[in-house]
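Chemist: This is the structure, below, for whatever I ask next.
What follows is calculated from the coordinates using simple rules that are stated; it is not laboratory data. Note that the structure is a prediction, hence the values are computed from the model and not measured. Quick reminder, even Gly has a Cβ in these numbers, built from the backbone with ideal geometry, and neighbours come from all protein chains shown.
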Amino acid sequence: MELIRHNLPALIVVTPLVMGLLTSIIGRRGLGWWMAMATTAAGLAMSVQLLVDVLSQGDRTVEYLMGNWPVPFGIGYSVDPLNATVLLIVSLLSAVITLYARKSVASEVPAGKLNFFYALWLFCITGLLGITITGDAFNLYVLLEISSLSTYTLVALGKERNRRALTAAVNYVVLGSIGACFYLVGVAYLYMATGSLNIADIAERLQPIYASWGTEAPIYQKTVITGFAFMAVGLSLKLALFPLHGWLPNAYTYAPSSVSALLASTATKVGAYAFIRVVFTLMGVGFAFGRLHTDVALMLCSGAAILVGSWLAIRQNNVKKLLAYSSIAQIGYIALGFALANKDGITASVIHLFNHALTKGGMFLALGVVMYRVGGTRLQDLRGLGRKLPLTMGAFTAGGLGLIGVPLTSGFISKWYLVSACLEQGRYELAGIVLVGSVLALVYVWRVVETIYFGKREDEVTVREAPASMLVPTLILVGASIYFGVDSSFTTHLAGEAADFLLKVKP
Amino acid sequence: MQMTDLPPAAVLFAGALLLPLFKGKWRFAVALALPLLALADSWAVITQGGESFIPFMGMTLQPVHVHAATPVFATIFCIMLAGGVLFSMNDDRRVELTAAFVYAGGALGVAFAGDLVTMFVFWEVMTLGSTIIIWSGRQHDSYGAGLRYFGMHALGGVALLMGIIIVVTQRLHEGAADPLAFGHFSAMVDGWSHLDWDNAGMWLILVGMLVNAGAPPFSSWIPDAYPEGSTSGTVFLSAFTTKTAVFTLLVAFAGVEVLIYLGVYMAIYGVVYGVNANNMRRLLCYSLVNQVGFMLIGIGVGTKLSIDGAAAHAFAHIIYKALLLMATGSVLAMTGRFRLGELGGLYRTMPVTMWCLIIGGLSISGFPLTSGFTSKSMVVQAIVDESSRMAALGEPHTYLIVTWFLFQAATAGVFLDACVKLTWFIFFQKDSGLRPSDPPWNMKAAMIGFAFICILLGVFPGLLYQILPYQGEAAAYAKVVYSLEHVMVMLGMLGFSGLAFFLLLPILKRGSYIHLDIDWIWRRFIPRFWKEVLLPLLQQLDNAQKAILESLPGRGMRDPSLPAPIARRMGNMWAVSVPVFLIVLMLLVYLVAYFVLPTL
Amino acid sequence: MSDEPKASGVSTRALIAWLVGAAVLVAIVAVDYTVHHHAHFTADGIDVDAMPEFFPLFGLVSGFVLVLLSKTLSIALKRKDTFYADD
């Protein structure tokens, strides 16, 4: 046991990788899901244990050296409250969504490709967990590509339902590769300046470089700044921060239901995490925000993301796409939180990472039920489903209330901290934007809710409530999203720890 | 479990859940019993104390708390619900009845809310309940009116929530012991005329509450939405939203001077628009604004007597306004007509309804021996007292004198409008040829019961005075309320205002008209401006953008079958070219900014 | 009263109503002269409301002013009640 516990940081990434490889070579049909389920359940247990370990440390960090090679020569994994939280989000959501996936995926993906699907599924989760846990900038790129490549394929597997999934996947491949490539170019520039790839090490070696800039002989000034610009743009794209959100709506819309749920609740969250890590730990707030004013750019982008994303969400007729645009707006809230760079702001960001993953994940799962039972997710497919799928649609509605930020839902908690953070910085206009975003969310949620409960179906099809294996995960996620709105002590404590940690390491 | 462990609002919410399970007489019995149970529970909590506390985000929620004004408002909310249920019971309106319980439960929840978050949650519950009541009204514009109503209150709710967040944030920074507390914002009384960061939160809360109170410029939602309820729905609607707003203003903003000005405006506005109104229930909605104006004046003056007066007036008003709307609702139910010009001569066959309407009309005008007389005159007296106190201190107080005269004028006006005019046009004027009978027994019983309360409170004001926030002041005032001089002042003023009505009758002919209000801006001007100015402009821009994009390389990947209005172009990024272009653009922007900004 | 009734019986009734109403108003004014009226704002030298005929007159004038104000506004703001329904 002690061996496992000591090697947790490595196991959490290696387990899904190995299991994914095994899944891809086994021939027995139906075994894929069981392997994915076992792996993600184990992953959840490991990340809970890791979180407990991290919070019990005095300095709130757990370091791990791959193969005991010392950094910066080997790859070091470093877990602190921030990435422990994100690990929990990713492994929790992937476990719940895998639980849900069996019937949904079987109905949307050809039977012959199921094992292949679950192998990719596990690779994707490997990548996401790896990005979160690694302390090495180049290793982060490798894992980013692992998750991205598997995601492209997962999206393309939606082609059985709609050929547009292929177009969406191709778009995603092009844009995602550019984003990853930009990130890699950024890392290369920093390597040139510092000669290191370990995040903590780079941060340390950047200090004398920053110090030299005011003087007669500035070293590597252009190199570092250009490197950061590439990283910022590349990660903005991974994060789908407006205006670089172009790949997201179609990828989410035409992917298989479970994939949409997994992407919406984890992929952009990990992107946001990577951005936070680069700004706060790698480059330092003093450089990224204080000197280069990236915070202003982020505030502009996130403010626009909230308004434009919500506005476009209002105009959608496909509910999956509506939720995708809503995600773009919600990413705006997350980015806005850490752009404010005060305790409430980062707390809001991290809480929203968590709450939005639960809420949006739950809503996509509810839509997956609609896909499974009705065969489409356009507004007219949802007409009058309030009576036929009362539990699923109730869950969807409760999730919608969370998107608006109604009190006693988790969305309210995030927005509360976000608005407080805006007010603390004296950014009243941003607080105003957050509230306008809520009103717009009210409109797009209302459009769907009205259709669900008041819409008249022309075709009197018999639709039964979702099977338990799909209903239970949906209710778990939405129930958790409501629970953390009523009792937010767990999430606020975690997010507070993460915020304290990030602000303490401010150079 | 003791009764005091049960939050009063929970009784009504339980009712909302239970009622759909019952049928026929049983539902009737349960629906009547629950408000009375809630009343008993309220008083158990009020007398024995049932404060409860719940931890929330490191702070404390206090969902059951007894404010000084809680007894009077909790009592009237329960009585009102019972009366409304009785009135509605001959017609099977299951959705409306359930919504009414949610709505009244929200109102009762606000009356017992000890913290801002609880208050806000119940506030929004009320919005939901009342919107559903409007939607189940089945009048010709119920749906549209309900949407406008909901939009208005959603915006008011956002202002309220924003204000609460700011206030709580400020209190947290100051290290306040109970940052969520819902009580009097003392700082606002002195600082109301300046708007700065330190009271911005309070201003927003004030605005949120005023939207619900029907204060200008948002008075028009009352006459817009309420007449679209069903006969019983409008009765429920008239009671809770505005009076809950009065309650919260009374708790939080007593003594804020701006309320006096808003109140005077509302008092006059209600009469001026009411005189022109042709829809009898809309006329009563205008007079509702007028009466809430009187309450705001009482809250704004802020002395103990004026606060008592505002609270007492809210109590009396709920009864007689409900009575008036029940009477007009009966006329609507029995004739199917709501325009005053199409009614007339009904005194022959609807005597009970007529007398109930007259008693309600006399009460709303403050006629001696009715509840309006004993409640409204407290506010009038408080203005005089405060004015002489300030005169003795040498402080400016002309606005109080002006307020007093305008208050009296509006009182005369509302008698002319809501009592004489309404009675005359419905029951007398020409013979419309209609011979409807009085309404079914339950509607009559509800009307007679409420008419009885109007008279009861007029004759024995002490019954109401003893549950007011400041009972000492009220008890002292009870000794002078029926002075001969006071009675004669009202008789003279009201009598001659009635004379003015009959002298002016030739110009008071009814036509099928409405009168534009400030809501014209968002119902007509903004939609038209959007459709005829902004949209064509955007389309021009769209064409320009299209031309630019078409000239870019790589447009071949765009799906040519897609139409391209401006917003859809941003939504349907099928082609890779635009996002890639944006990526490069962003990189350029970042690089330029990074290299230029630090050198500045 | 606004529209002249054709049947003489109704007209008589209207006449009686007018007479009774007038008698009540006269009685009110008469009683007013026997009651002592206080001025409400003596400190400001306003004593017009101490006159016994003040409140009857004030009620009459208020009624007139409010109705005329309302009718004046009506000229500009009057619309057919299908105004918003036309959209």
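Chemist: Could you go through segment A:379-389 in sequence order and give the Karplus-derived ³J(HN,Hα) for each residue, using 6.51 cos²θ - 1.76 cosθ + 1.60 with θ = phi - 60°, rounded to whole Hz, and x for Gly and Pro?
Modeler: Result, rounded to whole Hz: 3, 5, 6, 8, 3, x, 6, x, 7, 8, 10.
Chemist: Let me ask another. Please list, in order along segment A:29-44, the HN-Hα scalar couplings obtained from phi with the Karplus expression 6.51 cos²θ - 1.76 cosθ + 1.60 (θ = phi - 60°), rounded to whole Hz, x for Gly and Pro.
Modeler: 5, x, 6, x, 4, 4, 5, 4, 4, 4, 5, 5, 5, 4, x, 4
Chemist: Something else now. Please compute the modelled spin-label separation between residue A:500 and residue B:193, points set 7 Å along Cα→Cβ, answer in nm with one decimal.
Modeler: Placing both labels 7 Å along Cα→Cβ, they lie 4.8 nm apart.
Chemist: In nanometres, what is the gap between the two model label sites at residue B:399 and residue C:53, each 7 Å from Cα along Cα-to-Cβ?
Modeler: Going from the residue B:399 label point to the residue C:53 one covers 3.6 nm.
Chemist: Longest segment of chain B with no trypsin sites (Lys or Arg not before Pro) in a DSSP loop having at most 15 other Cβ atoms within 10 Å? Walk me through the numbers before you get to the answer.
Modeler: Working: sites that count: B:23, B:138, B:430, B:479, B:509.
In chain B, the maximal stretch lacking such sites is B:139-429.
Chemist: At 222 nm, what helix-only mean residue ellipticity would chain A give, in deg cm²/dmol to the nearest 500, using -39500 (n - 2.57) for each DSSP H run of four or more? Before the final figure, lay out the partial values.
Modeler: Values: 22 runs with 379 residues, N = 507.
It comes out at -25000 deg cm²/dmol, rounded to the nearest 500.
Chemist: Hey, how many Å between the Cα centroid of segment B:273-306 and the Cα centroid of segment B:391-466?
Modeler: 11
Chemist: Between 0 and 90 degrees, rounded to the nearest ten: what's the tilt of helix A:294-314 against the longest Cα principal axis of chain A?
Modeler: The angle comes out near 10 degrees.
Chemist: About the Cα centre, and with charges only on the beta carbon of Lys, Arg (+1) and Asp, Glu (-1), how big is the dipole of segment A:372-507? Nearest 20 debye, please.
Modeler: I would put it at about 260 debye.
Chemist: Among the lysines, select those whose C-alpha is under 19 Å from the C-alpha of residue C:80, and discard any that sit fewer than 8 residues away in the same chain.
Modeler: Output for residue C:80: B:509, C:71.
Chemist: What are the chymotrypsin sites (Phe, Trp or Tyr not before Pro) within segment A:1-87 that DSSP puts in a loop, where the Cβ has at most 16 other Cβ atoms within 10 Å?
Modeler: A:73
Chemist: Determine ³J(HN,Hα), in whole Hz, for all residues of segment A:319-324 in sequence, where each value follows from phi through the Karplus function 6.51 cos²θ - 1.76 cosθ + 1.60 and θ = phi - 60°; x replaces Gly and Pro.
Modeler: So the J values, rounded to whole Hz, are 5, 4, 5, 4, 5, 5.
Chemist: Using amide H atoms built 1.01 Å from N in the peptide plane, name the residues 5+ places from residue B:64, or on other chains, whose amide H lies under 5 Å from its own.
Modeler: Result for residue B:64 returns B:52, B:114.
Chemist: Now for a separate question. Angle, helix B:484-503 long axis vs. longest principal axis of chain B, Cα atoms, 0 to 90°, nearest 10?
Modeler: Taking Cα atoms only, the helix is inclined about 70 degrees.
Chemist: Right, next: Explain nothing, just the number: dipole magnitude of segment B:285-395 about its Cα centre with +1 on each Lys and Arg Cβ and -1 on each Asp and Glu Cβ, in debye rounded to the nearest 20. Before the final figure, lay out the partial values.
Modeler: Numbers: 7 positive and 5 negative charges, 83 e Å.
Value, rounded to 20: 400 debye.
Chemist: If you filter segment A:142-196 for trypsin sites (Lys or Arg not before Pro), then keep DSSP loop positions with at most 14 other Cβ within 10 Å, what is left?
Modeler: A:163
Chemist: Tell me which of B:140, A:88, A:341 sits at the most positive position along the dipole axis of the protein assembly as shown, charges placed on C-beta atoms (Lys, Arg +1; Asp, Glu -1).
Modeler: In the protein assembly as shown, that residue is B:140.
Chemist: If you find the alpha carbon centre of segment B:172-213 and of segment A:1-72, how far apart are they in angstrom?
Modeler: Segment B:172-213 and segment A:1-72 have Cα centres separated by 51 Å.
Chemist: Quick check on segment B:1-252: take the gyration tensor over C-alpha atoms, sort the square-rooted eigenvalues as a ≥ b ≥ c, and tell me if it's rounded (a/c under 1.5), prolate or oblate.
Modeler: oblate
Chemist: Also: In percent, what relative contact order does segment B:254-513 have, based on Cα pairs under 8 Å that are 6 or more apart in sequence?
Modeler: 27
Chemist: Also, I was wondering about something else. Projecting each Cα onto the charge dipole of the protein assembly as shown (Lys/Arg +1, Asp/Glu -1 at the beta carbon, about the Cα centre), which of A:190, B:363, B:452 comes out farthest on the positive side?
Modeler: The Cα lying farthest towards the positive end belongs to A:190.
Chemist: Taking every alpha carbon pair in segment A:302-378, what does the distance histogram look like in 5 angstrom bins from 0, in percent?
Modeler: Bin by bin from 0 Å, the calculated values are 4, 17, 20, 21, 17, 10, 6, 3, 1, 0.
Chemist: Something else about it: Once Lys and Arg get +1 and Asp and Glu get -1 on their Cβ, which of B:462, B:70, A:276 lies farthest toward the positive end of the dipole of the protein assembly as shown?
Modeler: Final value for the positive-end residue is A:276.
Chemist: While we're here: Among all lysine pairs in segment A:293-507 that are eight or more places apart or on different chains, how many have alpha carbons less than 15 angstrom apart?
Modeler: Value for segment A:293-507: 6.
Chemist: Straight-line reach from residue B:321: which lysines fall under 23 Å, measuring Cα to Cα and dropping same-chain residues less than 8 apart?
Modeler: Once the sequence-local lysines are set aside, what remains near residue B:321 is B:243, B:376, B:421, B:444.
Chemist: Out of residues 5 or more away from residue B:56 or on other chains, whose amide H comes under 5 Å of its own, with H placed 1.01 Å from N in the peptide plane?
Modeler: B:61
Chemist: For peptide B:383-393, compute the average count of partner chain beta-carbon atoms within 10 Å of each residue's beta-carbon. Could the numbers behind the result be given before it?
Modeler: Numbers: counts 2, 3, 1, 0, 5, 5, 1, 1, 4, 1, 0.
Partner Cβ neighbours, averaged per residue: 2.
Chemist: Mind putting a number on the dipole of segment B:1-252 about its Cα centre? Charges go on the C-beta only, +1 for Lys and Arg and -1 for Asp and Glu, and I need it in Debye to the nearest 20.
Modeler: Working: 9 positive and 16 negative charges, 169 e Å.
It works out to roughly 820 debye.
Chemist: Still on this structure, I have one more. Based solely on its DSSP helices, what 222 nm [θ] is calculated for chain B when runs of n ≥ 4 H residues each add -39,500 (n - 2.57) and the sum is averaged over all residues, nearest 500 deg cm²/dmol?
Modeler: -22500 deg cm²/dmol
Chemist: In what order do B:57, B:126, A:371 fall by count of nearby beta-carbon atoms within 10 Å, going from fewest to most? Don't jump to the answer; show the numbers that get you there.
Modeler: Values: B:57 18, B:126 26, A:371 22.
Placing the least packed residue first, the sequence is B:57, A:371, B:126.
Chemist: List the chymotrypsin sites (Phe, Trp or Tyr not before Pro) within segment B:314-418 that DSSP assigns to loop and that have no more than 15 neighbouring Cβ atoms inside 10 Å.
Modeler: Those that pass, being in a loop and sparsely packed, number zero.
Chemist: Now, a different point. Gap in Å between the Cα centre of segment A:417-455 and the Cα centre of segment B:217-234?
Modeler: 27
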